[in-house]
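A quick write-up on the structure given underneath.
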Amino acid sequence: MRAPQCTVGAKDGAPLLVAATLPRPYSWPEVRGSPTNSEEDCYNASKRVRGNGLSCCCAFWPTPVSHPADTCAAAFVPSTHAHVRGCSQLQGPRMLHFAHRGPQGRTCGRYAVALSGEVRNLHVGFASLRSLVLAHGVDSVDLFAHLAAPSLYFSTLNGTMNSDHLAARKALFDLLDLPNAVAAVVEAAEDIEAVTAVRSCVMRDAGDAFVGELLRRHQGNGPPRETSEQSLKGKALSAFSMYRLIYLAHTLVVQSRCSYAAVLRARPDMTWLTTLKWADIAAQLASTRSIQIVEEGFGSLKFGHTAQRRRNVPFPLQCFVDDQVSIGTMAGMGDYASLFVDFAAPGMATSILIHRRDTWGHLSERIMMTHLHWCGTNVSAHPQPNMYMLNLGRKKMGQRSN
């Protein structure tokens, strides 16, 4: 089976989709029949850009006319939520912290922030998150969170915690105890149930087939650290674990029964360098299923490999999206957040451009971009750069981690 490819348009040289009438693969035998295209390779051995912009352009399969009823934004409809495709162990790990203030007895804010991800012993960003949430007053922005953190953050034996852990715990609770923190869940990061939940919901037929095909095509076809069997399996498990937390955080937003003009999804391990212009962003969301990808200015613009890989490639044809921060309408962010339960839906996993030679790089971001295309979401880049920076371990400020 031949896969769609980018080509150069005759007028302005912009990469354009071709062969949009190609049948999309719905089975793994069809996927395996599509040969790996060595020309569609945006990386060299050091993961820097190679070739021209055309080699970094992704021609996605045509968007299906319809989806199963419980996918994309509809995955959060109460009648199907948390039961999609047998995800009985969606919640998984034991809860370390839970708070819920709505919807009874409170007024909905106009905007929402949904935090999801793993909390490390890095508390420098929490103060800026507080500022982000409180920038327009406690009545304007509601906070939701579904996070994973080490159990020792919640130990009563403070003598077992170092000063970084104590500071991180205090900063985390100060954030989650804000008056506009509507719902917050923190689960034990080290519990094996989190992995069980991922395998129950995703790593079944579709997940196993995807990882198997990933290994068959790409194991050993790049830097050993990136393309070993252990590395590729680890990337897939890490991505699915992240998708799960995103899904559960957005679930809290939907369960609030509030209708927000805009919803922001963000990781907890970042420092915000400026406040959001919420009203302007809400006005820019062109349709009911729109999202904007907020890109890390200090990484993708200043130091940047991702900027090189996007040069001269229109946003809809870029192969991946930064999966750290996005903002959109309720429906648009429903599309974004439903990936965890949509992965096993017919035609979703088989739409991933696994035939590209460079699939092993930015794997999580590639899967997410494919899913947004599959849902038919209106995706664009947020026009305001340098809004945040990630706090990654002991790296210097602004240093990018790939």
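The values are calculated or read from the model by the stated rules, or taken from the named source; none is laboratory data. What you see is a predicted model, and the numbers here were worked out from it, not measured in a lab. Glycine gets a Cβ as well: all are built from the backbone with ideal geometry, and neighbour counts include every protein chain shown. When the accessible area is computed, the model is the full protein with side chains, heavy atoms only, and any ligands, DNA or RNA have been set aside. Shrake-Rupley method; radii C 1.70, N 1.55, O 1.52, S 1.80 Å.
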_For segment 215-295: rounded, prolate or oblate by the Cα gyration tensor [a/c cutoff 1.5]_ = prolate
*Extending each Cα 7 Å along its Cβ direction at Tyr26 and Ala261, get the distance between those two points in nm, one decimal.*
4.2 nm
_So if each residue of separation counts as 0.36 nm, and I subtract the Cα-Cα distance between Phe315 and Thr274, what length gain in nm does that give?_
12.4 nm
*asked:* Multiplying the sequence separation of Val195 and Ser380 by 0.36 nm and subtracting their Cα-Cα distance, what value in nm do you get?
replied: 63.4 nm
*Which of the peptides 246-252, 231-237, 342-348 is most tightly packed, and how do the rest follow, judged by the mean count of other Cβ atoms within 10 Å per residue?*
246-252, 342-348, 231-237
*Between beta-carbons, use under 12 Å as the cut-off and find the net charge around Phe76, counting Lys and Arg +1, Asp and Glu -1.*
-2
*Roughly how much of Tyr43 is accessible, in Å² to the nearest 10, using a 1.4 Å probe?*
0 Å²
*Report, to the nearest whole %, how much of the accessible area of segment 175-231 belongs to carbon and sulfur atoms, 1.4 Å probe, protein only.*
48 percent
